[in-house]
1. Within the range 173-206, restricting attention to residues that are in contact with a Lys or Arg (Cβ under 7 Å, 6 or more places away or on another chain) and buried (at least 18 other Cβ atoms within 10 Å of the Cβ), which residue is farthest from Tyr245 (Cα to Cα)?
2. Among the numbered criteria (1) over 16 Å from the mean Cα position of the chain (by Cα); (2) at pLDDT 95 or above; (3) within 16 Å of the ligand (Cβ to nearest atom), which one does Thr153 miss?
3. Can Ile189 be described as more than 30 Å from Thr23 (Cα to Cα) and either among the polar types (S, T, N, Q) or touching a Gly at 6+ places or on another chain (Cβ under 9 Å) (or both)?
4. Please report, ordered by residue number, the strands (runs of 3 or more DSSP E) entirely within the range 177-292 with at least 3 residues that are within 15 Å of the ligand (Cβ to nearest atom), over 30 Å from Ser123 (Cβ atoms) and in contact (Cβ under 8 Å) with a residue 12 or more places away in the chain.
5. Based on this model, can you work out whether Lys62 counts as over 30 Å from Gly172 (Cβ atoms) and among the basic types (Lys, Arg)?
6. Return only the number of the condition from (1) surrounded by fewer than 20 Cβ atoms within 10 Å (Cβ to Cβ); (2) farther than 18 Å from Thr250 by Cα that Tyr150 does not satisfy.
7. Taking the conditions exactly as written (over 29 Å from Glu107 (Cα atoms), surrounded by fewer than 18 Cβ atoms within 10 Å (Cβ to Cβ), in contact with a strand residue (DSSP E or B) (Cβ under 9 Å, 6 or more places away or on another chain) and modelled with pLDDT of 95 or more), does Pro212 satisfy them or not?
8. Out of the residues in the range 11-59 meeting the condition of being part of a loop (DSSP other than H, G, I, E, B), free of Cβ contacts under 8 Å to residues at least 60 places away in the same chain and away from the ligand (no atom under 16 Å from the Cβ), tell me which one is surrounded by the most Cβ atoms within 10 Å (Cβ to Cβ).
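The values are calculated or read from the model by the stated rules, or taken from the named source; none is laboratory data. Since the structure is predicted, the reported quantities are computational estimates derived from the model, not experimental observations. Here the Cβ is made from the backbone with ideal geometry for all residues, glycine too, and neighbour counts use every protein chain on show.
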Amino acid sequence: MHDLPRKAVIPAAGLGTRLLPATKAQPKEMLPLVDRPAIQYIIEEAVTAGLNDILVITGRSKRSIEDHFDKSVELETYLEANHKFEELEIVRSISDLAEVHYVRQGEPLGLGHAVASARQHISNEAFAVLLADDIISENHPILPKMMELYGETECSVLALMEVPSADISLYGCVAYEEVKDGVVTISQIVEKPDPEEAPSNLAVIGRYVFTPNIFSCLDHITPGRNGELQLTDAISLLLEEQPVYGCLITEGRFDVGTKIDYLKAIVELALMREDLGPAFKEILQEIVSKMN
Ligand code: G1P
């Protein structure tokens, strides 16, 4: 078994245009899903998988992310003085969650460029990348499986999910061969192909474990789909050097990158909550019965 990655990279420098106007002055990663910002789910997922060193790639208007994971002395003092111990516990647990570092991307030139900005912090280790547009339910974790596969193979691993062929042009898409149940080797990867040209229905979901070799591949990419430096194009180069595996997700993934998916994610995540789910279900049923 090879040493498992300890570091996670979370790109959060995008402009969030699909969620405007909510994202005009606020990072999309800070939009709440029930009672916590999307990026908190992501960091909690990373920490649960054993990734305690987190690097967030930020850009302009992203200061609230740093504030959220920082200690809030003023708030803690207030809560303590007013005997609001439950809230105090919640506030403290966020700043104690992980060792969170930040680096600025400068210009948002694409996901490949964002990941390349992590090079100095990661150095020569394997690491994970988690995209904040994809929320993975804690009931169906995929990262531990990906880390285990890395431990066995010392190769990069991507999370993959079957999507309807009409949706494949929203994702990175792979050609693959099955190794065993839920695990494939990837033979080709292409960013957002037209459905007629897609090599399969397996889409890349925003969880990656990379060998440090991805950095030299990122050095060699040129602007690709949408004129952006695409991580997918670097993975395509990586495939020429070493095997890349895929781990299949079948359930528990919520896309929060568009308005309609964001709404759906909130409803589903609220229904899953022990404290809020039952009452929320009654409210939903009431709303639906009125619609009928
Ligand atoms: C990015 C990646 C794409 C991947 C997707 C997963 O696309 O470029 O390969 O399938 O995330 O969510 P984006 O959604 O940022 O356009």
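1. Within the range 173-206, the match that is farthest from Tyr245 (Cα to Cα) is Glu191.
2. Here Thr153 meets the rest and fails (3).
3. yes
4. Fully inside the range 177-292 and qualifying: 253-255.
5. no
6. Just one mismatch for Tyr150, condition (1).
7. Judged against the criteria, Pro212 is not a match.
8. My answer is Gln26.
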